[in-house]
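Heads up: the structure comes next, in structure tokens.
The values are calculated or read from the model by the stated rules, or taken from the named source; none is laboratory data. From a predicted model like this one, the values you see are computed outputs, not experimental measurements. Neighbour counts are summed over all protein chains in view; Cβ atoms, including those assigned to glycine, are modelled from backbone coordinates with ideal geometry. The accessibility values were calculated without ligands, DNA or RNA, using every heavy atom of the protein model including side chains. Shrake-Rupley method; radii C 1.70, N 1.55, O 1.52, S 1.80 Å.
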2 protein chains.
Amino acid sequence: MCELLAMSANVPTDIVFSFTGLAERGGVTGPHVDGWGITFYEGKGSRTFKDASPSSQSHVASLIKSYPIKSEVVVSHIRQANRGEVSLENTHPFTRELWGRYWTYAHNGQLSDYEQKFQSGRFQAVGDTDSEQAFCWIMSRLVERFGESEPEDILPVFEYVAQLAEEIRTLGVFNMILSDGRYLMSYCSNNLCYITRRAPFGRAQLIDTDVVIDFDTQTTPKDVVTVIATRPLTGNENWQLLAPGDWKLFRLGELVIDFRAQAQLG
Amino acid sequence: MCELLAMSANVPTDIVFSFTGLAERGGVTGPHVDGWGITFYEGKGSRTFKDASPSSQSHVASLIKSYPIKSEVVVSHIRQANRGEVSLENTHPFTRELWGRYWTYAHNGQLSDYEQKFQSGRFQAVGDTDSEQAFCWIMSRLVERFGESEPEDILPVFEYVAQLAEEIRTLGVFNMILSDGRYLMSYCSNNLCYITRRAPFGRAQLIDTDVVIDFDTQTTPKDVVTVIATRPLTGNENWQLLAPGDWKLFRLGELVIDFRAQAQLG
């Protein structure tokens with residue numbers, strides 16, 4: 001399948017530590033060698049670095065591991081291809097402009113029998129993955145539901161995305177990260193977890209490579225940083241696991257919506 | 001103002017030589033220190049590297065100068081801000097998806113009294129430059145004229161873009177590069193030139209820094225490579241100057257439409 005990584009922070013923060021762990025899974029400690037990508041938001045702007053080669057060997061990934069880009073929202077993905085060949089146009093994250101913001105999306109999982117559901121709307125896929133088609137379908141549905149301008153209250157937009165994600169989950173595995181540059185949404189189909197780091201900060205040790213960081217030396221007491229990943233990236237911290245159907249919405253590192261599917265059933 | 005650089009080639013070709021010359025103009029031989037960007041198409045996919053810092057000092061620009069990415073279409077821009085602050089969201093090139101392709105655009109010039117004309121349509125600007133608003137206006141007009149699916153014959157699309165560019169030129173200076181990943185269009189308002197290199201290849205010497213290349217060692221006899229720039233990048237080759245109102249359409253390095261405004265008046 002693939003692996004996801006994302007970050008939401010209340011101050012511009014670099015993700016070099018977490019990305020260093022993830023990149024190892026692209027060819028060293030994991031089989032996700034079919035491309036990788038990472039999107040950094042800086043204010044309303046965003047930039048995406050991507051490569052169809054394995055993250056553990058990519059020149060561009062080496063830059064990301066050595067050059068700290070400070071960002072409040074990051075979305076990243078390493079790919080093990082199932083639907084769609086290995087190519088740049090099939091490499092996540094995908095970005096589209098809606099309502100004057102860049103929306104960025106990455107997917108882990110695999111869908112079946114989706115062609116009819118995802119028939120082209122206003123947003124069209126450039127590559128041939130199930131993932132990008134699902135993204136374009138979600139974005140097209142948002143325009144149908146909320147119109148041509150951004151609604152004053154954005155939270156119902158993410159609640160609607162969660163409804164759409166529930167529909168998509170009936171077609172297979174759909175772990176998803178979505179951001180408009182302010183909010184960061186994670187939707188869990190089977191594998192997704194997160195950790196929120198805040199003072200007092202401690203040391204963290206990567207699972208995939210022998211790197212330790214002392215966050216206390218890198219942060220101020222006011223910093224709040226949430227990291228989301230398919231599987232925990234560190235071995236000495238308490239990652240919160242999401243259950244199937246759970247979704248979380250973060251802003252500036254803090255949890256804004258904490259939807260638990262189990263609680264709804266109980 | 002700014003400077004533009006673009007390339008169309010019939011084989012995947014790296015633009016390290018030309019970009020090395022352009023990047024010098026971002027702080028060393030030129031005043032364009034307010035950001036830079038470069039978009040590479042690889043098949044239908046594209047990736048954009050951009051930075052709001054000067055190209056002559058940027059870590060990311062160093063990567064582009066040292067790591068040859070082979071591409072059939074490249075669009076690049078170095079910025080000297082006039083409209084819109086120095087920020088990532090105001091950094092060219094800009095990209096939007098239309099008809100299942102990524103369209104990439106960069107602008108050199110400055111417009112006035114454009115707010116009413118460029119009022120938001122289906123595509124909306126994320127930053128606050130005149131350039132991005134003009135791009136979104138063009139893209140919105142393409143949907144109005146040609147509908148939701150790509151027309152079978154794409155050439156009328158570029159002819160219509162040229163009409164729109166003529167309209168925009170009445171508001172100021174509008175030198176433009178636009179590509180859908182196959183075709184590369186250049187529209188001239190005052191400063192734009194190009195060169196088509198083909199066998200027999202020779203040596204070329206950059207104007208802005210002491211670099212010489214022998215294309216003969218880098219190419220095969222079948223290669224055709226067109227480079228477009230605001231001002232010639234080499235001192236020993238014959239660059240073709242575009243006149244105001246001229247526009248050119250290239251595909252695979254070859255000139256497909258050669259529109260000369262003078263010829264139309266004569």
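Would you be able to tell me the number of residues in the stretch A:172-191 that are within 12 Å of the chain's Cα centre (by Cα) and on the phi > 0 side of the Ramachandran plot? So the answer is 1.
So, A:Arg231, is that one among the basic types (Lys, Arg), surrounded by 15 or more Cβ atoms within 10 Å (Cβ to Cβ) and closer than 17 Å to A:Gly253 by Cβ or not? Before you say what the answer is, go through the steps one by one.
Working: among the basic types (Lys, Arg): yes; surrounded by 15 or more Cβ atoms within 10 Å (Cβ to Cβ): yes; closer than 17 Å to A:Gly253 by Cβ: no.
So A:Arg231 does not fit the description; no.
Scanning the stretch B:71-113 for residues that are at pLDDT 95 or above, open to solvent by 40 Å² or more (accessible area, probe 1.4 Å) and more than 22 Å from B:Ile168 (Cα to Cα) turns up B:Glu72, B:Arg101.
Any chance you could count how many residues in the stretch A:1-14 are modelled with pLDDT of 90 or more and outside any strand (DSSP E or B)? Total meeting the criteria: 1. Being open to solvent by less than 50 Å² (accessible area, probe 1.4 Å) and of a type in the set (Asp, Glu) is the filter here; which residues of the stretch A:192-218 pass it? A:Asp208, the sole residue that qualifies. Mind listing just one residue for me: the one in the stretch A:135-177 that is more than 17 Å from A:Cys188 (Cβ to Cβ) and of a type in the set (S, T, N, Q) and, of those, modelled with the lowest pLDDT? Out of the qualifying residues, it is A:Ser149. Reported count of residues in the stretch A:40-62, each being among the hydroxyl-bearing types (Ser, Thr, Tyr) and under 14 Å from A:Val75 (Cα atoms), is 3. Being more than 9 Å from chain B (Cβ to nearest Cβ) and charged (D, E, K, R) is a property that does not hold for A:Glu89.
Considering the conditions (1) closer than 21 Å to B:Glu97 by Cβ; (2) touching a Leu at 6+ places or on another chain (Cβ under 6 Å); (3) of a type in the set (S, T, N, Q), A:Ser140 is excluded by exactly one of them, (2).
Suppose we filter A:Leu184, A:Leu192, A:Leu255, A:Leu249 for residues that are in contact with a Leu (Cβ under 8 Å, 6 or more places away or on another chain) and within 25 Å of A:Pro68 (Cβ to Cβ); which single one remains? Walk me through it before giving the result.
Working: A:Leu192 fails: within 25 Å of A:Pro68 (Cβ to Cβ); A:Leu255 fails: within 25 Å of A:Pro68 (Cβ to Cβ); A:Leu249 fails: within 25 Å of A:Pro68 (Cβ to Cβ).
Being in contact with a Leu (Cβ under 8 Å, 6 or more places away or on another chain) and within 25 Å of A:Pro68 (Cβ to Cβ) holds for just one of A:Leu184, A:Leu192, A:Leu255, A:Leu249, which is A:Leu184.
A:Gln119 meets each of the listed conditions (1) open to solvent by 50 Å² or more (accessible area, probe 1.4 Å); (2) within 16 Å of A:Asn175 (Cα to Cα); (3) free of Cβ contacts under 8 Å to residues at least 60 places away in the same chain apart from (2). If you take the residues in the stretch A:3-40 that are over 12 Å from A:Thr209 (Cβ atoms) and of a type in the set (Ser, Thr, Tyr), which one is surrounded by the fewest Cβ atoms within 10 Å (Cβ to Cβ)? Top of the filtered list is A:Thr13.
Checking the condition at pLDDT 95 or above and either over 30 Å from B:Pro12 (Cα atoms) or touching a Leu at 6+ places or on another chain (Cβ under 9 Å) (or both), which residue from A:Phe17, A:Phe40 passes?
Details: A:Phe17 fails: at pLDDT 95 or above.
A:Phe40 is the lone residue from the list that is at pLDDT 95 or above and either over 30 Å from B:Pro12 (Cα atoms) or touching a Leu at 6+ places or on another chain (Cβ under 9 Å) (or both).
Scanning the stretch A:119-160 for residues that are over 27 Å from A:Ser87 (Cβ atoms), part of a loop (DSSP other than H, G, I, E, B) and within 14 Å of another protein chain (Cβ to nearest Cβ) gives A:Gly147, A:Glu148, A:Ser149, A:Glu150.
Among residues belonging to the stretch A:41-66 that are in contact with an Asp or Glu (Cβ under 9 Å, 6 or more places away or on another chain) and of a type outside the set (Gly, Ala, Ser), point out the one that is most open to solvent (accessible area, probe 1.4 Å). Per the stated criteria, the residue is A:His59. All conditions in (1) β-branched (Val, Ile, Thr); (2) in contact with a Gly (Cβ under 8 Å, 6 or more places away or on another chain); (3) assigned to a strand (DSSP E or B) hold for B:Thr209, with the sole exception of (3).
Looking at the stretch B:75-99 only, could you name the residues that are among the small types (Gly, Ala, Ser) and in contact with a helix residue (DSSP H, G or I) (Cβ under 9 Å, 6 or more places away or on another chain)? Give the steps one after another, and end with the answer.
Just the residues of the stretch B:75-99 that are among the small types (Gly, Ala, Ser), to begin with: B:76, B:81, B:84, B:87.
Selection gives B:Ser76, B:Ala81, B:Gly84.
Residues that are assigned to a loop (DSSP other than H, G, I, E, B) and surrounded by fewer than 17 Cβ atoms within 10 Å (Cβ to Cβ) within the stretch A:161-172 comprise just one, A:Thr170. Residue pairs whose Cβ atoms lie under 7 Å apart, separated by 6 or more positions or on different chains, with the first residue in the stretch A:41-58 and within 8 Å of chain B (Cβ to nearest Cβ) and the second open to solvent by 40 Å² or more (accessible area, probe 1.4 Å) and at pLDDT below 95, are A:Ala52/A:Val86.
Just give me the residues in the stretch A:173-191 being open to solvent by 10 Å² or more (accessible area, probe 1.4 Å) and assigned to a loop (DSSP other than H, G, I, E, B), in sequence order.
The initial filter retains those residues of the stretch A:173-191 that are open to solvent by 10 Å² or more (accessible area, probe 1.4 Å), namely A:173, A:181-183, A:189-191.
Within the stretch A:173-191, A:Val173, A:Gly181, A:Arg182, A:Ser189, A:Asn190, A:Asn191 meet the criteria.
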